[in-house]
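J.: Starting off with a structure, shown below.
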Amino acid sequence: MSKKSYHGALLSLLAAVKGVESILKDETLKRGYCITRPPGHHSKCGESAGFCIFNNAAIAAKIARKQGKRVCIFDWDIHHGDGTQGEFYDDD
């Protein structure tokens with residue numbers, strides 16, 4: 001993996017984390033979205049996959065879930081985000 005790929009993926013992840021943290025801090029914000037590339041929906045915990053290094057949506061959702069929030073992940077990509085599904089498959 002190149003430094004540029006890692007750096008881009010890290011910036012994308014940080015945008016998602018900052019977005020969810022902003023919503024959790026401000027009681028007037030009820031929802032939000034963060035459109036980033038790469039989306040990360042194929043990567044699994046500790047394993048990159050399908051050109052995805054970090055699973056931005058799953059990480060941001062887990063931050064919100066730790067605060068007791070309900071989360072909806074809307075993955076509009078043309079194919080299945082198996083990494084995201086795997087992270088929440090057993091989560092009611």
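The values are calculated or read from the model by the stated rules, or taken from the named source; none is laboratory data. The model shown is predicted, which means the values in this text are computed figures rather than measured ones. For accessibility, only protein heavy atoms count, side chains too; no ligands or nucleic acids. Shrake-Rupley method; radii C 1.70, N 1.55, O 1.52, S 1.80 Å.
J.: Rounded to a whole number, what % of the accessible area of the chain do carbon and sulfur atoms account for, probe 1.4 Å?
T.: The value for the chain is 56 percent carbon and sulfur by accessible area.
J.: OK, next. If you count only protein heavy atoms and use a 1.4 Å probe, how large is the accessible surface of Thr84, to the nearest 10 Å²?
T.: Surface open to solvent at Thr84 totals about 20 Å².
J.: Explain nothing, just compute: Karplus ³J(HN,Hα) = 6.51 cos²θ - 1.76 cosθ + 1.60, θ = phi - 60°, for every residue of the range 71-79 in order, whole Hz, x for Gly and Pro.
T.: Values, residue by residue: 9, 10, 9, 10, 9, 9, 5, 6, 10 Hz.
J.: Something else now. Grab the Cα-Cα distance for Ile73 and Thr28, subtract it from 0.36 nm times how many residues apart they are, and report the gain in nm with one decimal. Walk me through the numbers on the way to the answer.
T.: Numbers: separation 45, 0.36 × 45 = 16.20 nm, distance 2.08 nm.
Working it through step by step, the gained length comes to 14.1 nm.
J.: When each pair of different Cα atoms in the range 49-92 is counted once in the 1/r mean, what is the Kirkwood radius in angstroms, to one decimal? Write out the running numbers ahead of the final one.
T.: On the way: mean 1/r = 0.0886 Å⁻¹.
Computed over Cα pairs of the range 49-92, the Kirkwood hydrodynamic radius comes out at 11.3 Å.
J.: Over the chain, calculate the relative contact order: mean separation of alpha carbon pairs under 8 Å at least 6 apart, over the residue count, as a percent.
T.: Normalised by residue count, the contact order of the chain is 27 percent.
J.: Could you derive backbone 3J(HN,Hα) for the range 40-45 from the dihedral phi with the Karplus parameters 6.51, -1.76 and 1.60 (θ = phi - 60°), listing whole Hz in sequence and x where the residue is Gly or Pro?
T.: Result, ordered by residue: x, 6, 9, 5, 10, 4 Hz.
J.: Still on this structure, please answer the following. Between Ala49 and residues 5 or more places away or on another chain, which pairs have amide H atoms under 5 Å apart, with H built 1.01 Å from N, and which residues are they?
T.: Result for Ala49 returns Ser43, Lys44.
J.: Using a 1.4 angstrom probe, figure out how much accessible area the chain has per residue, in square angstrom, rounded to the nearest whole.
T.: About 77 Å² of surface per residue is accessible.
J.: Any idea how many Lys pairs in the chain come in under 25 angstrom at the alpha carbon, given 8 or more places apart or on separate chains?
T.: 18
J.: Principal axes first, then extents: for the Cα atoms of the chain, list largest minus smallest coordinate on each axis, whole Å, largest first.
T.: 39, 29, 24
J.: For the range 22-66, report the convex hull volume of the alpha-carbon atoms normalised per residue, in Å³, without decimals.
T.: 73
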